[in-house]
Amino acid sequence: SYLCLFTILAFLFMLKYINSDKLRFMIGAGICFGAACSIKWSGAFAGIGLLGLWLYHFYQKIKLKIDWKIKIKRALLLCLISGCCFIIIPVVIYFSSYLGFSKTTLATTPSDVINQGTNLYEFHASAFEPHPYGSKWYTWPMAAQPILYSIYDGSKIMLMGNTILIYSSILALLITAFFAIRKRDKKSLFILLGYCSLWLPYAWIGRTMFLYHYLPASVFALLAIVNVFYQIPKTRKIIWLFLLVSTVSFIVAYPSMSGL
């Protein structure tokens, strides 16, 4: 989905900014973050991970052994630029996403946009009715409850995961957590931060939720699989076997996903 696309791009640009210290990448991260928020409010969860990355970069900046006056000036400048990138730009993009609002409704002013947001919040805040395909956030890594999208003449189209990828990603996330905590591996820390920031906030949401809410976090779960293969040497044959088994698993499940 576009939400996944812009969320992952925001993390990618932020990572490139940290590695290169080039402003254009921070601006790119802010634009993609704003686009994600304008698509779905849950895109704001990416802000938690982006903030974690920013704090890491900020710490690296202030611990440099330079004159404290220069250090303060650089810190204030970084905060000012970051505020523009991750607050002002996303807010502008969010409100700009309503430019076509007046073409389909009677809303024409910024206050109408705010009222629309209030109505959306009230709807989601009261969406507690149980749903046959609703699921709890802690079941999403196992994809325990698929979603039925369509049924016609005995055929069903369902959102369901690849069994091999699902359980491999759980194991890979645990191994990645080990690399991140015990070995202080930066790649693993990045993946774990992205995954947790996009998944764990749902633990505090009480409304009825569905498996598709897990999609942005699932990208980092897949990155965890890649990370494990990357960290462990001499796994070339295992990788090809894994790809083969995953492909077979997809082929087996495809009739249920496509309605064949």
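The values are calculated or read from the model by the stated rules, or taken from the named source; none is laboratory data. This is a predicted model, so every value here is computed, not measured. Cβ placement follows ideal geometry from the backbone for every residue including glycine, while neighbour counts extend to all protein chains displayed.
Could you say whether any residue in segment 147-155 is in contact with a helix residue (DSSP H, G or I) (Cβ under 7 Å, 6 or more places away or on another chain), assigned to a strand (DSSP E or B), touching a residue at least 24 places away in the same chain (Cβ under 8 Å) and among the β-branched types (Val, Ile, Thr)?
yes
So in segment 49-84, with the set limited to residues that are of a type in the set (Phe, Trp, Tyr) and surrounded by fewer than 10 Cβ atoms within 10 Å (Cβ to Cβ), which one is modelled with the lowest pLDDT?
So in segment 49-84, the residues of a type in the set (Phe, Trp, Tyr) come out as 54, 56, 58-59, 68.
Then keep just the ones that are surrounded by fewer than 10 Cβ atoms within 10 Å (Cβ to Cβ); that gives 59, 68.
Working: Tyr59: 88, Trp68: 77.
Applying the filter and picking the extreme gives Trp68.
Confirm whether Ser97 is surrounded by fewer than 17 Cβ atoms within 10 Å (Cβ to Cβ) and touching a residue at least 24 places away in the same chain (Cβ under 8 Å). Write out each step before concluding.
Details: surrounded by fewer than 17 Cβ atoms within 10 Å (Cβ to Cβ): yes; touching a residue at least 24 places away in the same chain (Cβ under 8 Å): yes.
Yes; evaluated as a whole, the condition is true for this residue.
Just to be sure before I move on: is Leu23 in contact (Cβ under 8 Å) with a residue 12 or more places away in the chain and surrounded by 17 or more Cβ atoms within 10 Å (Cβ to Cβ) in the structure I sent?
no
Quickly run through segment 149-169 and pick out the residues that are modelled with pLDDT of 90 or more and either loosely packed, with under 14 Cβ neighbours inside 10 Å or farther than 30 Å from Tyr56 by Cα (or both).
Result: Ile164, Leu165, Ile166, Tyr167.
If you check Gly43, Gly52, which single one turns out to be in a helix (DSSP H, G or I), under 30 Å from Ala253 (Cβ atoms) and touching a residue at least 40 places away in the same chain (Cβ under 8 Å)?
Working: Gly52 fails: under 30 Å from Ala253 (Cβ atoms).
Selected residue: Gly43, the only one of Gly43, Gly52 that is in a helix (DSSP H, G or I), under 30 Å from Ala253 (Cβ atoms) and touching a residue at least 40 places away in the same chain (Cβ under 8 Å).
Any chance segment 126-136 includes a residue that's surrounded by 15 or more Cβ atoms within 10 Å (Cβ to Cβ), in the same structural domain as Gly30 (by TED's automatic domain parsing) and either over 24 Å from Lys22 (Cα atoms) or charged (D, E, K, R) (or both)?
Of all residues in segment 126-136, those surrounded by 15 or more Cβ atoms within 10 Å (Cβ to Cβ) come to 134-135.
Keeping just the survivors that are in the same structural domain as Gly30 (by TED's automatic domain parsing) gives none.
Within segment 126-136, not a single residue is surrounded by 15 or more Cβ atoms within 10 Å (Cβ to Cβ), in the same structural domain as Gly30 (by TED's automatic domain parsing) and either over 24 Å from Lys22 (Cα atoms) or charged (D, E, K, R) (or both).
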